[in-house]
Amino acid sequence: MCSFVSAALAATTQASAVLAATPSNSSDTGRRLESDYNHAFSRRGTFCLGGKLVPLGFILGCQRCGTASLYDDIMSHVRGARRGAALHGEPDYYSREQHFYASDSWSQGMRHYKEHFADCPPSGSADFHFSVDATPAYVRHPAVATRLPEVLPREALPRLRFIVMLRDPAERLYAYWDAFVLAGVGVHDFDAWLGPVLAHGRACQHRHGDQLWPPPSDCDADTLSGLAAGLYAYQLIHWLHQFEPSQFLVTSLQAYEDDARAVVADCAAHLGAPRALSDAVREPSDPTQVKVMGGMTAWARRELGEFYGPHNAQLLHLLNSQPRARYSPSVKGLGVQHWV
């Protein structure tokens, strides 16, 4: 096993152990799940838990990578897809991304989570029905991969399906800054914000090596969160250590823009739904909400290229070494080689 893979596994395993040891008000809920809720698979594969279409399909991330658009296309054009719904007092986007496995709502248990989803179809339904939890922060939260087996029936675990949508981490960070940082005080200039963030990241690397995901405990996680979210290789290694590679489909914003229909069809097949879509999906290269007008300065792109370059090379090596994982359209078609 390559040294970077070994280091990532060691770090993420330690982080997961710490999170697993954290007290949770719903720990008993997970252990009692199978007796508390009736669950069943239909002949066509529809999963029903406590009368609801609780997701076995997850769009894990990444954040600011086009996952909301992909979710909307799946819900609008794939036969059998059923949207979720935000509960009273929740923002509208909780219909799409429930954040249950990575937020404080975990303490409210599965009874709260399952109420976000549609009722199961009648028992005699001959069609496949499914829902999707499209929380793009899941991929970078180690606890999510360990919490899923705590609350889902054992026979459901092999049927879990994960979709990961990637984006050039430099462009992703710029979109992250535009969406979540720009409105703050004194952060109206990307270069002025990026300089201290990179300095903090490199100081942390000096103490810990390249491993910055999950952020080490003696580094300011809030400062590093945006930067570390682009370290995809470490995140995927953690998930691939918890589940079978065949349960993952990896695509990219570039692939989605190049041929949205093909990516949505591949996602449908991966989720167990028919590949034939109901109608046309968005035209290739249509703007999405993650697009940012303007661009980075040459300095910012050079600095981020230097920072992310080794990690992008690790990602490309990892993807090429996972033939059992699925890719849309292919490893080469993701465009990762252009990020290195």
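The values are calculated or read from the model by the stated rules, or taken from the named source; none is laboratory data. Since the structure is predicted, the reported quantities are computational estimates derived from the model, not experimental observations. Counting neighbours? That spans all protein chains shown, and the Cβs are built from the backbone with ideal geometry, glycine included.
Applying a threshold of 7 Å to beta carbon distances and a minimum spacing of six or more residues, or different chains, the list of pairs starting in the stretch 187-209 at a residue that is more than 14 Å from Gly226 (Cα to Cα) and ending at one that is not in a helix (DSSP H, G or I) reads His188/Leu182; Asp191/Thr297; Cys204/Leu212; Cys204/Pro216; Cys204/Cys219; Gln205/Leu212; His208/Pro216. Selection of the stretch 99-113 for residues being buried (at least 21 other Cβ atoms within 10 Å of the Cβ) and at negative phi yields Phe100, Tyr101, Trp106, Met110, Tyr113. All conditions but one from (1) under 25 Å from Phe180 (Cβ atoms); (2) out of contact with any Phe, Trp or Tyr (no Cβ under 9 Å at 6 or more places or on another chain); (3) without any contact (Cβ under 8 Å) to a residue 60 or more places away in the chain apply to Leu87; the one that does not is (2).
In this structure, Glu257 does not satisfy being in contact (Cβ under 8 Å) with a residue 24 or more places away in the chain, more than 15 Å from Met165 (Cβ to Cβ), crowded, with 16+ Cβ neighbours inside 10 Å and acidic (Asp, Glu). The set of residues from the stretch 117-140 being touching a helix residue (DSSP H, G or I) at 6+ places or on another chain (Cβ under 7 Å) and either of a type in the set (Lys, Arg) or more than 18 Å from Ile59 (Cα to Cα) (or both) comprises just one member, Arg140. Considered as a group, the residues in the stretch 237-252 that are in a strand (DSSP E or B) and aliphatic (A, V, I, L, M) include one that is surrounded by the fewest Cβ atoms within 10 Å (Cβ to Cβ), and that residue is Leu249. Among the residues of the stretch 286-301, is any of a type in the set (Lys, Arg), in a helix (DSSP H, G or I) and in contact with a helix residue (DSSP H, G or I) (Cβ under 8 Å, 6 or more places away or on another chain)? Yes, the stretch 286-301 has at least one match. Among residues of the stretch 268-287 that are at pLDDT 85 or above, those with a beta-carbon under 8 Å from a residue that is of a type in the set (Phe, Trp, Tyr) at least six positions away or on a different chain give the pairs Leu271/Phe130; Gly272/Phe128; Gly272/Phe130; Ala273/Phe128; Ala273/Phe130; Pro274/Phe128. Just the residues that are surrounded by fewer than 22 Cβ atoms within 10 Å (Cβ to Cβ), under 15 Å from the mean Cα position of the chain (by Cα) and either among the aromatic types (Phe, Trp, Tyr) or on the phi > 0 side of the Ramachandran plot (or both), please, taken from the stretch 114-159. Residues satisfying the conditions do not exist here. Taking the stretch 75-96 as the search range and keeping residues that are charged (D, E, K, R) and within 22 Å of Pro121 (Cα to Cα), which one is surrounded by the fewest Cβ atoms within 10 Å (Cβ to Cβ)? Per the criteria, the residue is Arg79.
All conditions in (1) within 30 Å of Arg301 (Cβ to Cβ); (2) in a helix (DSSP H, G or I); (3) not acidic (Asp, Glu) hold for Val164, with the sole exception of (2). Each residue in the stretch 211-233 was checked for being outside any helix (DSSP H, G or I) and buried (at least 16 other Cβ atoms within 10 Å of the Cβ), and 10 pass.
The requirement of being over 14 Å from Val164 (Cα atoms) and not in a helix (DSSP H, G or I) is not satisfied by Gly333.
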